[in-house]
Structure formats: structure tokens, C-alpha cells
């Protein structure tokens, strides 16, 4: 069994770039920076190491990213790694490793250095749906059938409660 899975939380390094393939499929490219902080054992100083990731979002997920994300916005991306190659103009073989995003969650407003939304909304470019809590971020997944109109409706399933001292019947166990 093989596994190719990537999960990152970081901030956009630039505004999303939305394009269309010749067949009309939307594809969005974003850059995401992630930081790792550790203490240098020799000097005792904290060191911050930043990695830059190229992320590709297809179809509706790419459209949503283009509409709501701006430079500096914090985002969670889940997907897989893919490396593509091509011949450069100088004839050398070029490679680029990208994260092909399958799931995206917008986490919050950008840091103070980020740009604001062109639509005049909050700095993250995300405006919560009326009636939703301002601290909630919408979750978007290509695998869900939900339309992106705000925060997804929570699925509530009533689970049976077991009181200590009660006899447990095998038929009461939900699995």
C-alpha cells in the first residue's frame, strides 16, 4: 500500500492566479509559506525556517480560492505531491514539485503585512455569511456536494448515552 498525502497550514505568499485549460477547466495556483521554529542547541537562540510550497487547486476549489483568498491569508491545504517536468527554453530539463489540493479550509485573517480585499471586505477577503459566527471559517472540500454559500450545516447524530451501573445490551452498541 502506498500513501501520498500532504497537510499544511500556512499563509499565501501572493494573490491566487486563476487560469483555464484549453478545455475550459479552471485551475488556480497559489504559493503558501510554512514556518518551523526551533532552538539552536549551540547558541540557544530561536531559529525560524520557512518553506515555500506551490499549490494547485482545480475546478470549483480553485474558483473559491481565487474569490476569497488574498496574499497573507492563512489557509489549511490537504492534498498530494506531484512533480512535473518540462524542457526549458535553454534546453535543460526543469522540474517542479507541487501540492495538488483536494481540500481547503480558510483559517483566518492575514497578518498585519497582508493586503486587503479589493472588494472592500475584511483583510482576508472572506466575509462570513449573515447569521454565522465571525470566528468561523467556511470549510470547502471537492468531495462534498455542498454549495459554497457560508459555513456548512453541522451534521448532528444522536448517540446513545450509557449510564454507569446500567446493564449493557449488545444490541445497544452502535458498531
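Values quoted throughout were computed directly from the atomic coordinates according to the rules given, and no laboratory measurement underlies them. Please read all numbers here as calculations on a predicted model, not as lab measurements. As a convention, Cβ positions derive from the backbone with ideal geometry for all residues, glycine included, and neighbour counts pool all protein chains shown.
Worth pointing out:
- Among the residues making up the range 87-99, a single one is more than 25 Å from the chain's Cα centre (by Cα) and either within 19 Å of residue 30 (Cβ to Cβ) or surrounded by 10 or more Cβ atoms within 10 Å (Cβ to Cβ) (or both): 94.
- Residue match in the range 14-25 (condition: over 20 Å from residue 97 (Cα atoms) and touching a helix residue (DSSP H, G or I) at 6+ places or on another chain (Cβ under 8 Å)): yes
- Residue list for the range 69-86, restricted to those being surrounded by 17 or more Cβ atoms within 10 Å (Cβ to Cβ), free of Cβ contacts under 8 Å to residues at least 60 places away in the same chain and closer than 23 Å to residue 25 by Cβ: 69
- Members of the range 41-60 that are in contact (Cβ under 8 Å) with a residue 60 or more places away in the chain and loosely packed, with under 13 Cβ neighbours inside 10 Å: 59
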